[in-house]
């Protein structure tokens, strides 16, 4: 028996587990559904909030270049995801891919990491949804009470808006993935319409003088007065300040990467796709191509409409897309943008919870978390109980706790997963060249290596405080694995002969 930390789960076993009674996901999704999910989750908080704040605080007019950098990094990673997901069409995304190549311990780390990406991301976006609800109400009813989305219960402030949106999308996901896709399609059409309106309307307010200087000179001095809020690269090398200049462009790229997060959710639905070898690559790459074009057009319009200095601000003074139009006297656009933001963020919350439920479903089915939670509903064909539990947890976090700057934590977690997936593609090519692949990344190992380097570079440009929080989260995950996951692992139990390779009768005996 080998090292339990390095034991892998064979591709054949992973595929066999998808047919296990009581743990089967219904195959309802087409390539259109996948693209809808991808676009639905990616177009959200980033285009309505992060775009403007990063233009004002870090990159200036070069924010469009920051988005291009982030898009290239995501594109490289997306190619790797497409190859792996078409080869191993099993729920779990990076977690499942890591289990098949690098072993159980790293798979657990990836699963724990994806919890950070999806659950924290969903709570953060739900909080943003509630804020836009408040803005929308006040745009129509200026004399309405402030913070209408918050209520005090027993001295505890509850953000009922965040709780409400989480409850809505959790219910839809529990009822059925296909229904969720139809809901996403309608809402996504609304928000794309709003984005196109922003691009077309904003074009008439562009002032070419606002593009100069394209890369503003760095401000705040060189390496002095650095703190944990500075980028890790800046602290290590003593490089220049990240407010404007090229370091500001790079720092902005690391943050606006948050706007692209979600295309990997398509990979988590591989097990529910009718023809995963063909449709998963199309879904991943198609959704990423659509949102990249829209994002770059929005950044060009925004930076041309208002001088970047007027967009600077943090916290409550942070600017968003509605402010850009207000500064140009187009006040009615605030209402339209708020509606688009609400629609956009609704589907983002939904698809992030979908991704979270599928990753946890895979981890529970493998025994690394309580296996009973991996049961699917006979009526809906979804892990309904697990989905509801996740929804409750996200609602509690979003409703009761202040969530600030957590988008960077989501970024570092996602980039780490991208690095591992890119590496796993190269490993699986060497260890299992016989596997049929629905899609193969061109260029041999070149693109996976470039994906690793690009993701690592963006990770270095995140703040040191983000890295500290990430390390603490991972340390907690290591403790949970050794206390529970390692002992209850189905792969480990099969190695020890405690259960056969597959037997549905063991389902109710494994906690």
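The values are calculated or read from the model by the stated rules, or taken from the named source; none is laboratory data. Model, not experiment: these values are computed from the prediction. Here the Cβ positions follow ideal geometry from the backbone for every residue, glycine too, while neighbour counts run over all protein chains shown.
Tabulated data
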item	result
Pairs with Cβ under 6 Å, 6+ apart, first in the range 442-469 and without any contact (Cβ under 8 Å) to a residue 40 or more places away in the chain, second part of a helix (DSSP H, G or I) and surrounded by 23 or more Cβ atoms within 10 Å (Cβ to Cβ)	452/422
Some residue of the range 6-28 being within 27 Å of residue 345 (Cβ to Cβ), assigned to a helix (DSSP H, G or I) and at pLDDT below 85	no
Some residue of the range 225-235 being under 23 Å from residue 52 (Cα atoms), assigned to a loop (DSSP other than H, G, I, E, B), more than 19 Å from the chain's Cα centre (by Cα) and at pLDDT below 80	yes
Single unsatisfied condition, residue 497 versus (1) part of a loop (DSSP other than H, G, I, E, B); (2) touching a helix residue (DSSP H, G or I) at 6+ places or on another chain (Cβ under 9 Å)	(2)
Check on residue 349, buried (at least 23 other Cβ atoms within 10 Å of the Cβ), farther than 30 Å from residue 104 by Cβ and touching a helix residue (DSSP H, G or I) at 6+ places or on another chain (Cβ under 7 Å)	yes
Residue among 438, 423, 485 that is part of a helix (DSSP H, G or I), more than 21 Å from the chain's Cα centre (by Cα) and surrounded by 17 or more Cβ atoms within 10 Å (Cβ to Cβ)	485
Condition check for residue 451: farther than 25 Å from residue 47 by Cβ and either part of a helix (DSSP H, G or I) or in contact with a strand residue (DSSP E or B) (Cβ under 7 Å, 6 or more places away or on another chain) (or both)	no
Residue identified as under 21 Å from residue 420 (Cβ atoms), at pLDDT below 80, over 14 Å from the mean Cα position of the chain (by Cα) and buried (at least 24 other Cβ atoms within 10 Å of the Cβ) among 91, 82	91
Set 383, 378: member being modelled with pLDDT under 85 and under 25 Å from the mean Cα position of the chain (by Cα)	383
Flag for residue 106 being part of a helix (DSSP H, G or I) and surrounded by fewer than 24 Cβ atoms within 10 Å (Cβ to Cβ)	yes
Subset of the range 303-323 (residues that are at pLDDT 85 or above and within 25 Å of residue 41 (Cα to Cα))	303
Hey, residue 287 surrounded by 22 or more Cβ atoms within 10 Å (Cβ to Cβ), in contact with a helix residue (DSSP H, G or I) (Cβ under 6 Å, 6 or more places away or on another chain), at pLDDT 80 or above and farther than 26 Å from residue 413 by Cβ or not	no
Residue within the range 50-70 that is out of contact with any strand residue (DSSP E or B) (no Cβ under 8 Å at 6 or more places or on another chain), closer than 24 Å to residue 419 by Cα and at pLDDT below 80 present	yes
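Residue-wise test of (1) in contact with a helix residue (DSSP H, G or I) (Cβ under 8 Å, 6 or more places away or on another chain); (2) crowded, with 21+ Cβ neighbours inside 10 Å; (3) free of Cβ contacts under 8 Å to residues at least 12 places away in the same chain.
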{"residue": "297", "(1), (2), (3)": "yes, no, no"}
{"residue": "320", "(1), (2), (3)": "yes, yes, no"}
{"residue": "325", "(1), (2), (3)": "yes, yes, no"}
{"residue": "328", "(1), (2), (3)": "yes, no, no"}
{"residue": "332", "(1), (2), (3)": "no, no, yes"}
{"residue": "335", "(1), (2), (3)": "yes, no, no"}
{"residue": "342", "(1), (2), (3)": "yes, yes, no"}
{"residue": "355", "(1), (2), (3)": "yes, yes, no"}
